[in-house]
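Here's the structure we're looking at; comments come further down.
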Amino acid sequence: MAIHEQLKKIILDTLPGVECVIGWGPGQDALHGSPVFMRKPEDVDSFMDTPLGAFGAVNNLALFLPELSGKKVGVVVKGCDSRSIVQLVAEKLIKREEVVIIGFPCEGAADLTKIEKALPEGREAGEVTGAAIVGETLKLSLGSEEISLGLADIKADKCTRCKTPGAVISDAFAGIAGKAPEVRDEYADLAALEAMSLDERFKFWEREMSRCIRCYACRNACPLCVCRDHCVAGSRSPHWITQTDSTRDKLMFQIIHATHLAGRCTGCGECQRACPAGIPVLLLKRTFNRGVAEIFGYDAGMDTEATPPLLTFQVEEAHIKEREWQ
Amino acid sequence: MSNKFISHEKLRDWLEDLSARFEVWAPVNTGQDAKGVVVYRPFVRDGALEFARKPVESAKHTVFPRSETLVNFKTGAKDGKPALELHVPEDPPARAVFGLPSCDARGFQIFDPVYNGSGTQGLARDNYYLRRRNATVLIVKACSKVLNTCFCNWVGGGPACTEGADVLATELPDGFILAQVTARGEAALGSALLAPASDSQEKQARKLHEEAGAALCAPPDLSASVSALRGKFDDSAFWEAEASKCLSCGACTYLCPTCYCFNITDEARGVLGARIRSWDACMLPLFTMEASGHNPRTGKIQRLRNRIGHKFSYYPSLHNGRIACCGCGRCIKSCPSSVDIRRIVTDAIGITGTAGLKEQKNG
Amino acid sequence: MKIGVFICHCGSNIAATVDVLKVVESAKSMPEVVYAVNSMYTCSEPGQQAIEEAIKERGLTGVVVASCTPRMHEPTFRRTVERAGLNRYMFEMANIREHVSWVGKDKAANTAKAVDLVRMAVEKLRLDKVLIPKFIPATRKVLVIGGGVAGIQAALDCAEGGMDVVMVESEPSIGGKMSKLDKTFPTVDCSSCVLGPRMVDVAQNERIELHAYSEIASISGYVGNFDVTIRKKATYVDWDKCTGCGLCTEKCPSKKSYDRFNEGMGETTAINIPFPQAIPKKATITAASCRLLSGGKCGVCAKICTSQAVDYTQKDREITVKVGAVVAATGYDLMDWTVYGEYGAGRYPDVITSLQYERLLSASGPTGGHIRRPSDGREPKEVVFIQCVGSRDPSVGRPYCSGFCCMYTAKQAILTKDHIPDSRSYVFYMDIRSPGKGYDEFTRRAQEEYKAQYIRGRVSTVYPKGDKLVVKGVDTLVGEQVELEADLVVLAVGGEASQNAPKLAEKLRISYDGYGFFMEGHPKLKPVETNTAGVYLAGSCQGLKDIPSSVAQGSAAAAKVLGLLSKDKLESDPQTAGVDVKRCVGCRKCINVCPFGAIREVDMRGQIKAEVIEAVCQGCGLCTATCPQGAVQLSHFTDNQVLAEVEALCQS
Amino acid sequence: MPELTENTKELRIVGFLCNWCSYGGADTAGVGRFIQPTDLRIIRLPCSGRVNPLFIIKALMSGADGVLVSGCHPRDCHYAEGNFYARRRLEVFKHLLPVLGIDRRRFEYTWVSASEGPRWQKVVTDFTAQIHALGPAKFFADAPELDFLKAGEGVMQP
């Protein structure tokens, strides 16, 4: 039985005991999936019923769990999504017993930006009229035109460094979890930025952030952003940033978001995916992820019993040489 | 007056020529590669102008900036008492926006009655809006292709609709044909660099307009949306189902050519400060937050209901039935959760609207 | 807001390197400043008067004084503005002396810096809020942890002042180290004659509730309202029934138990009363030595006890008490002297510690007050004292001076002569530290009257030779090697913080230094306070000290407790954190990090919110730096205030 | 100790100091007349644990050329644990600066006790020299969005 059929069966079995099961259904076009909240058995029909199938299961559905706390819900997760759940549980932001986690062996998810970049010059993803996955290729129709793209080339970056193709924790699992791949995150994206001079890096951010429209999709797409409606982005007390359309304040917000996620971010990349202006905001969070891994050997979202490193301390820190300066 | 033509080679010369009289804005690829994000930027000669892909954002900020200073102030003391000095910023320069799609230009027509005092509710004239609006020439570029999120024809527009445009430009293989629409458009076309358009060029342009229009599905009848959405107002199950996946971010509203809401805040440092107006969005929690801490729109369900209701019911009922949506599709295209305004409206009316492009085979 | 700014010349201290008038002029154009003036000495009476007058005449609602460090005169000026009717927290200081005029030579640069600091203070003041102290009810009862001389003094003084006292002692008897001493310096009066009656007073005082052989399991709460759980360790004897007759100790067949009270100089029975003057005078069974409790057959004590007090099934039990204040008087331990292998410490029976020697000197000790060598019971004639064993020795991690060893060594040399007139004492010392009343005279008496031979230098090695111990050292005054043959070697072992001190400190939420000694609130001005309100220190747990100093601290701590709890309600410092419940999302991050347990989770109409217990909050602001949505703000150091200060510095 | 030349133009250095140790250490340096460069301005906070790392970037983005944080030595915190948290947060935060294009050396944190006047002098002197070696930072100093804060000509009375 195909994975999505197995998942449907698990979802149908889960439904009677939960408020709803959150999964992926069709989006506005052939390339887009969309979160679907399955409450009735007939809602399950459209689950993963899209041309891209599991490859189009892009959204991190853990996002919706905190707002549903108090209700028992099921959620279908990719491995990376499960890490968000682990972190939410570790921080007691959701209750483990209120979530039924349904995992499956994820083989990667699509990156729409990469698909658009792979199209011929001047063409855009919105022109796509049909899609199908055939073997390792994605076949796209743009009107009468047919274009084939290799799946490996349009997979999200996070999939190439994924350590958890199966769920870290789950209550039900479709199929058999593959062996966790031996991958090391080399932070190639950061290295590319760091190949620039300091001045160029600053100009890079200035240029990228100038596109920001302050819609806060990055924040609202982040499953670990706890403040939600109470974000400091709009508050007067504290008044961290002005409401002016200034690159400085827009960058400041990204720094605030990244700082609040330091030691907590699982690198799911939803912030960057959600950004309508295509700003690589994940880079800032990954900077902290790398730092936290170096200093504390800590990777968020792997252990429900762990304390985020910035909410605790050691009297003697093994990897902090604070006396190096002075 | 006959139509004009400017070749691709001379386009930048003309825009530069235009820059003597206007602050010219145009779509620019601001990314790191050929597929970078296209947004509107002030024209610079060596900028990466792009007309092939639709700008991610609408052009509304060229007239209605994301933030603008309403008044500068300086606090101080005089004779042992606090004192205040005020200063209103000077008028902004005249602008010409080149290459915006028709839907973006139509968006301003939805702004106008709200800000020019002609609206049915109140007669306030917003001079900050009007002084920019009246000094801006909109040179619309007819769409040669449509996207699967486009639905301008549902709300009375079309790929080459001239409503709201001062000039209509159509891109031909070798250049742009420019048709004057309003008197204001004439100012932009008074350049020696422009040649008269030939009949065959005119014909070509008309053909392109027809082809683009034909690519869209036939529009459903939305005339019932005003009453349908009003009827759905208390149907919490309906709105919960539609809003479950919404993130309650501001992407849809801030990309929208017709969302006109704003916030006013004072930003000060020491004795100097400014009262600024900045965009606000009904999808964000602070929009309806009251000073007491009470928020009448408690969650995303109420917020999404307001956004759809405002565009397809409340605004039309105040403005002669005009729907406050220009069908640009950006809210759908850029929604991180694929919330589709077309579907919500047709669901509310209880009809099935075939969304998107004719050839499209939806998932 | 109407702000007045007062710039101090401090005579020439500030004016010499800062153009004060220029600062005044600049201040006049700062936000909401309606008055700015210079002042020769702002802290002087006319200086303060001028502030009061300006507040009244000009209707000032906030005041900035630019002068010395706020650590010096902030309280002074707060009182000044309060006298003029302002809230004392509507006041800020700019430190233009310590941080400007005294550390910079360039007058123009100093002046610019002073202007910046004044602007910063003005911007902060603009966001200051009126703060009003709250009053919290307090339990008028004190917990004294430790029943040594310091704890006894604190307990008795508190009881004398009308305060109820709960005393917790980990040993079966109170008395502490002092109860083990034979005599005390410099008066050579009997230690138990001095201490004994005080111990009895503790037992008899109706206000004092004594829990011996007990430990602190946990402490929660805050000043005025601590909840203490005391673990009463199993003694296997019902102390309510035990009369302390001692019959059981005579009949107990297990007589080889380690005698803790006598520092191992003798042996004792499994069921025992540590010493005749013990308070409470009750028997305790050492389970490990007891034949019955270690699995064998016996039960002799139970049979013999006339009051049926023995209960082999007894378990540890916990009781809880509510107190308003805590005095920690947990004393010290001797450092592990066996690290000095070169002295044969722990290997040669006739190399003993000074405390063991006290037990040999004591009439109530294992030898009945006759000095006898542990090895053969012979009276020693040649006694060598080695000082600074575990003091002033960085090589064993004890760089500090224990403070009391010089004096007790002199005392022991004197007592040795008293006990054995034909004996000779030798003292190897580094320096003689005797800065107390009658102390130096005392060490001289030891040398001059009692002929103790003081040798300035360290001992390199001690080794046995026949029934003697050879002590090799150096006399640095004459620059010669010294070699002595001793019958007994007494090591003046230094003290160290109690092994359990750090654990207790964590329960009390007080700081401790790198050695484990508890940190006082201020080294000069708050010697018995800690940084946790309502927790005080007495005796050697704060740092090693002799009996008079310990007693003085005991009294000082008692005075602090009596002062604190003299009213039914306590005034809390309003400069605490507060939660904006409208912004709080209940993520609990602040609760996790608060070092004082000052934030609790409350349910507000089904939503989790954080709540600061103002009386517990010490105002560190860690929560404010932790809260992602800025819902917890520390009064007077809010995010907006710090941001305003940053902007004030960066805009200029 | 590196000396600054007399005529070097002052740069903007913001210091965040805990009240109990480092602010006291700076006072001690003052009492001892330990002459220091004048660039640094000190913001007094109760504890280094009060330092939100975002204060640092806020200062740098608002026009500071350097930021120094100083607290009690580890184990000596007046509040027992504040500086332990600060140490972790500040250490992690250091990683962000170079990615933003800000020289890492524009921010340092250190520990100075209330008795360490001479040490405070050295810290200030060395850090000031370090910032002077890097020169002025011009992150957003000339950004047009700041214009709104500058009341223009032709001020009119209300």
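Only a single criterion out of (1) among the small types (Gly, Ala, Ser); (2) facing another protein chain (nearest Cβ under 7 Å); (3) within 30 Å of B:THR288 (Cβ to Cβ) is not satisfied by A:ALA262, namely (3). Whether a residue is out of contact with any strand residue (DSSP E or B) (no Cβ under 7 Å at 6 or more places or on another chain), surrounded by fewer than 24 Cβ atoms within 10 Å (Cβ to Cβ), on the phi > 0 side of the Ramachandran plot and not aromatic (Phe, Trp, Tyr) was assessed, and A:GLY70 passes this test. Restricting C:GLY521, C:GLY473, C:GLY479 to those that are buried (at least 19 other Cβ atoms within 10 Å of the Cβ), of a type outside the set (Val, Ile, Thr) and under 21 Å from C:CYS388 (Cα atoms) reduces the list to C:GLY473. Taking the criterion of being in contact with an Asp or Glu (Cβ under 6 Å, 6 or more places away or on another chain) and assigned to a loop (DSSP other than H, G, I, E, B), the only residue of the stretch C:260-279 that qualifies is C:GLY266. May I ask you to say which residue of C:ARG260, C:ARG207 is surrounded by fewer than 19 Cβ atoms within 10 Å (Cβ to Cβ), among the basic types (Lys, Arg) and modelled with pLDDT of 95 or more? After ruling out the rest, the residue left standing is C:ARG207.
When the stretch A:77-93 is filtered for residues that are farther than 11 Å from A:CYS265 by Cα and of a type in the set (Gly, Ala, Ser), the ones remaining, listed by number, are A:GLY79, A:SER82, A:ALA90. Would you mind telling me which numbered condition in (1) away from chain B (no Cβ under 14 Å); (2) over 19 Å from C:ARG140 (Cβ atoms); (3) in contact with a Lys or Arg (Cβ under 6 Å, 6 or more places away or on another chain) C:CYS584 fails? Going through (1) away from chain B (no Cβ under 14 Å); (2) over 19 Å from C:ARG140 (Cβ atoms); (3) in contact with a Lys or Arg (Cβ under 6 Å, 6 or more places away or on another chain) one by one, C:CYS584 breaks only (1). If you scan the stretch C:1-30, which residues turn out to be under 14 Å from B:LYS81 (Cβ atoms) and either of a type in the set (A, V, I, L, M) or touching a residue at least 40 places away in the same chain (Cβ under 8 Å) (or both)? Listed by number, the residues that qualify are C:MET1, C:LYS2, C:ILE3, C:GLY4. For the stretch A:8-28, which residues satisfy the criterion of being within 21 Å of the chain's Cα centre (by Cα) and either among the basic types (Lys, Arg) or not in a strand (DSSP E or B) (or both)? A:GLY27, A:GLN28, listed by residue number.
Residue under question is A:SER210, and the condition is that it be surrounded by 17 or more Cβ atoms within 10 Å (Cβ to Cβ), closer than 30 Å to A:PHE64 by Cα and either hydrophobic (A, V, I, L, M, F, W, C) or within 14 Å of chain D (Cβ to nearest Cβ) (or both); does it hold? Yes: the conditions hold for A:SER210.
Yes or no, residue by residue, for (1) within 14 Å of chain D (Cβ to nearest Cβ); (2) free of Cβ contacts under 8 Å to residues at least 12 places away in the same chain; (3) in contact with a His (Cβ under 7 Å, 6 or more places away or on another chain):
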| position | (1), (2), (3) |
| --- | --- |
| A:ASP111 | no, no, no |
| A:LEU119 | no, no, no |
| A:ILE133 | no, no, no |
| A:ILE147 | no, no, no |
| A:ASP171 | no, no, no |
| A:GLU194 | yes, yes, no |
| A:SER197 | yes, yes, no |
| A:ARG214 | yes, no, no |
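For the stretch B:1-35, the candidate set comprises residues that are under 25 Å from the mean Cα position of the chain (by Cα) and part of a strand (DSSP E or B); within that set, the residue that is surrounded by the most Cβ atoms within 10 Å (Cβ to Cβ) is B:PRO27. Selection of first residues in the stretch C:532-547 that are more than 30 Å from C:GLU614 (Cα to Cα) and of second residues that are of a type in the set (Asp, Glu) and part of a strand (DSSP E or B), restricted to Cβ pairs under 9 Å at least 6 apart or on distinct chains, gives the following pairs, ordered by first then second residue: C:LEU544/C:GLU496. The criterion of at least 3 residues that are at pLDDT below 95 and under 28 Å from D:TRP120 (Cα atoms) is met, among helices (runs of 4 or more DSSP H) falling completely within the stretch C:1-111, by C:70-83. Scanning the stretch A:294-310 for residues that are out of contact with any His (no Cβ under 9 Å at 6 or more places or on another chain) and more than 8 Å from chain D (Cβ to nearest Cβ) yields A:TYR298, A:ASP299, A:ALA300, A:GLY301, A:MET302, A:ASP303, A:THR304, A:GLU305, A:ALA306, A:THR307, A:PRO308. Picking from residues in the stretch B:287-332 that are within 19 Å of the chain's Cα centre (by Cα) and charged (D, E, K, R), the one that is surrounded by the fewest Cβ atoms within 10 Å (Cβ to Cβ) is B:ARG322.
A quick yes/no check of all residues on (1) at pLDDT below 95; (2) in a helix (DSSP H, G or I); (3) more than 7 Å from every other protein chain (Cβ to nearest Cβ); (4) buried (at least 23 other Cβ atoms within 10 Å of the Cβ):
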{"residue": "D:ILE57", "(1), (2), (3), (4)": "no, yes, no, yes"}
{"residue": "D:VAL67", "(1), (2), (3), (4)": "no, no, yes, yes"}
{"residue": "D:SER70", "(1), (2), (3), (4)": "no, no, yes, yes"}
{"residue": "D:HIS73", "(1), (2), (3), (4)": "yes, no, yes, no"}
{"residue": "D:TYR85", "(1), (2), (3), (4)": "no, yes, no, yes"}
{"residue": "D:GLU91", "(1), (2), (3), (4)": "no, yes, no, no"}
{"residue": "D:LEU97", "(1), (2), (3), (4)": "no, yes, yes, no"}
{"residue": "D:GLU108", "(1), (2), (3), (4)": "no, no, no, no"}
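D:THR125 satisfies every condition listed in (1) crowded, with 20+ Cβ neighbours inside 10 Å; (2) modelled with pLDDT of 95 or more; (3) more than 8 Å from chain A (Cβ to nearest Cβ); (4) touching a Pro at 6+ places or on another chain (Cβ under 8 Å) except (1).
Residues are listed down the side, and each one gets a yes or a no for (1) surrounded by fewer than 20 Cβ atoms within 10 Å (Cβ to Cβ); (2) out of contact with any strand residue (DSSP E or B) (no Cβ under 7 Å at 6 or more places or on another chain); (3) modelled with pLDDT of 90 or more; (4) among the acidic types (Asp, Glu):
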residue: B:PRO42; (1), (2), (3), (4): yes, no, yes, no
residue: B:ARG45; (1), (2), (3), (4): yes, yes, yes, no
residue: B:SER58; (1), (2), (3), (4): no, yes, yes, no
residue: B:GLU68; (1), (2), (3), (4): no, no, yes, yes
residue: B:VAL71; (1), (2), (3), (4): yes, no, yes, no
residue: B:ALA77; (1), (2), (3), (4): no, no, no, no
residue: B:ALA96; (1), (2), (3), (4): no, no, yes, no
residue: B:LEU123; (1), (2), (3), (4): yes, yes, no, no
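Looking at B:VAL38, is it more than 14 Å from chain A (Cβ to nearest Cβ), under 24 Å from B:ARG106 (Cα atoms) and surrounded by 18 or more Cβ atoms within 10 Å (Cβ to Cβ)? Judged against the criteria, B:VAL38 is not a match. Being in the same structural domain as C:PRO374 (by TED's automatic domain parsing), part of a strand (DSSP E or B) and over 21 Å from C:PRO399 (Cβ atoms) is the requirement here; does C:VAL490 meet it? Spelling it out, C:VAL490 is indeed in the same structural domain as C:PRO374 (by TED's automatic domain parsing), part of a strand (DSSP E or B) and over 21 Å from C:PRO399 (Cβ atoms).
Matching residues to (1) part of a strand (DSSP E or B); (2) over 12 Å from the mean Cα position of the chain (by Cα); (3) hydroxyl-bearing (Ser, Thr, Tyr):
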residue: C:LEU504; (1), (2), (3): no, no, no
residue: C:ILE510; (1), (2), (3): no, no, no
residue: C:GLU520; (1), (2), (3): no, no, no
residue: C:LYS524; (1), (2), (3): no, yes, no
residue: C:LEU544; (1), (2), (3): no, no, no
residue: C:SER550; (1), (2), (3): no, no, yes
residue: C:GLY554; (1), (2), (3): no, no, no
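Selection of the stretch B:248-278 for residues being assigned to a loop (DSSP other than H, G, I, E, B), within 11 Å of chain A (Cβ to nearest Cβ), closer than 20 Å to A:TRP240 by Cα and of a type outside the set (Gly, Ala, Ser) yields only B:CYS249. Can we say C:SER498 is touching a residue at least 12 places away in the same chain (Cβ under 8 Å), farther than 25 Å from C:GLY619 by Cβ, polar (S, T, N, Q) and surrounded by fewer than 19 Cβ atoms within 10 Å (Cβ to Cβ)? No.
The values are calculated or read from the model by the stated rules, or taken from the named source; none is laboratory data. What you see is a predicted model, and the numbers here were worked out from it, not measured in a lab. Cβ: placed from backbone, ideal geometry, glycine included. Neighbour counts: every protein chain shown.
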